[in-house]
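Okay, so here's the structure we're looking at.
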Amino acid sequence: MAPAQKNVDADVCDTDLPSQIKMRLIAIDNKSQNREHCDNNNSVDNISEKVNVDTGFDLEKYESMEFKSKFRWPDLTVQVLLHLVSIYGLYLIVTFKVKFLTTIFAFLTIYTSGFGITAGVHRLWSHRAYQARTPLRVLLALLFTITGQRDIYTWALDHRVHHKYTETAADPHDIRRGFWFAHVGWLVLTPHPAVEDRRAAFRLTSRDLDSDPVVAWQKKYFIPLFALLNVILPVWIPWYCWDELLVNSFVVSFVTRFTITLNIAFCVNSFAHLWGNKPYDRFIKSTENVMVSLAALGEGWHNYHHVFPWDYRTSELGRINISTGFIDAFAKIGWAYNLKTATNAMIISRAKRSGDGTLGDKEEPDPTLKNEGIE
C-alpha cells in the first residue's frame, strides 16, 4: 500500500445500476453521506456540497429535444491545420529529415508533460483522489500547461460534468454520438444546451478549484504560459542546443508533439469508451483498454475509473499504470498524501455483481489479496 494511502467504503456507489439511473437516484437522495464517491465524484468542499446542482434540471427534457450542432469554424480550422502539419512532421521523422535528438526530445516531452494531465488535472484537481503540497501542484500545473489542453479550471469542470452525466445529453463528449464526436468532434461543434446548462451549474460546486491559488494563477496567465511552455521553449531548445532547423523544430517539437498529445487524451474519450472488457460494470460503455493505458500513462483502465472515480490509481494494483507510480513516488517524500483507494473486497464484490466476468485478466496477481483473505 502506498504511503498515506487510505481505503474508502462506498455502499451507495457499489451498485450494478447504469450510471444514468444512479445519477437520478442520487439527485433524489442528495443527502447520502457517500454520494461524493459515486460515478460523478463531483462533491467539493463543505460549502459547495450544500448546493444541489440537479435542482430544476430536467434531463429528460434535454434528452428528448431536437438539437443539431454547428461547426465552430475557428476551432475546426485549428484542428485541421494541426493535423495536416503533423502529417508533414511525421514524414520528417520517418524519413530522418529531422535530427534524431529532436524526435527523442519531442516524445520525451509528450510523456513527461502527460503527468500534468493524469496525475494533475485528472486525478488531483478533477477527482480530488489525493492531496498535494504546493511544490507538486505547481509542478503539475506547469506540466499540464505544456500539453496545451486549456486551463486547469476549465478542464476539471468539464470532466466533473462528464462523470456526473456520462452517456447523457449533458455529457460534453457523449460517446452515444459516435467515435468521432467523442474523439474530437465535441471540441469543434457547438455544445448541446444540456452541456452548457451543467457547465454553468457546476461553477457553483467548484469552489475547491476557485480557492486553489495554483489553479487561479495558471488560469490567469494561461496564454503567456502556453506561449512560453508549449511553443517557445520546445521550439527553441532543439534549435539552440543541437542546431536543429528552426522550421523543423517548430513542426516536430511543437505542432506534431502537441497534436500527438491531444490525440492520446482524445483516445480516452473514444477508444476507452468503446473497445475493451468491462470487469466492474458491464452496464456502462467505458472499458478496460490496454493500448490506451500504455499511451496515456495508465488512463485507459476506464471501466474501473468510472466505477471508482475517486481512486487515485484509476485501476487495480497489477495493471500497467505509470501515473500511479508517479504519485506513489511523491507520496514517499510527503508531497502527495491522503491517497484514496477502493478496498479489494469492494472491487471484487462489485465485479461479481455487475461485471462481465473478466476480473481475473490481470498483468500480474495483486499481492494484497491474500493478506485480506481473498482468493
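The values are calculated or read from the model by the stated rules, or taken from the named source; none is laboratory data. Just so it is clear, the model here is predicted, and its values are computed rather than measured. In this analysis, Cβ positions are derived from the backbone assuming ideal geometry, glycine residues included, and neighbour counts consider all displayed protein chains.
Brief remarks on what is shown
- Evaluation of P279 against (1) in contact with a strand residue (DSSP E or B) (Cβ under 8 Å, 6 or more places away or on another chain); (2) in a helix (DSSP H, G or I) (one fails), failing number: (2)
- L17 in contact with a Leu (Cβ under 8 Å, 6 or more places away or on another chain), surrounded by 13 or more Cβ atoms within 10 Å (Cβ to Cβ), within 30 Å of F181 (Cβ to Cβ) and modelled with pLDDT under 50: yes
- Residue match in the stretch 154-169 (condition: part of a loop (DSSP other than H, G, I, E, B), at pLDDT 95 or above, surrounded by 24 or more Cβ atoms within 10 Å (Cβ to Cβ) and touching a Lys or Arg at 6+ places or on another chain (Cβ under 7 Å)): yes
- Test set (1) within 27 Å of E299 (Cα to Cα); (2) of a type in the set (A, V, I, L, M); (3) at pLDDT below 95 - I47 fails condition number: (1)
- Where helices (runs of 4 or more DSSP H) fall entirely within the stretch 192-274, those with at least 3 residues that are within 22 Å of the chain's Cα centre (by Cα) and touching a residue at least 12 places away in the same chain (Cβ under 8 Å) are at 193-202, 207-210, 213-220, 222-226, 257-269.
- Of the residues A331, A295, the single one that is in contact (Cβ under 8 Å) with a residue 60 or more places away in the chain and either β-branched (V, I, T) or on the phi < 0 side of the Ramachandran plot (or both) is A331.
- Taken together, F67, F57, F115, F105 contain a single residue that is touching a His at 6+ places or on another chain (Cβ under 6 Å) and on the phi < 0 side of the Ramachandran plot, which is F67.
- Checked across the stretch 214-227, the condition of being of a type in the set (K, R) and buried (at least 20 other Cβ atoms within 10 Å of the Cβ) holds for no residue.
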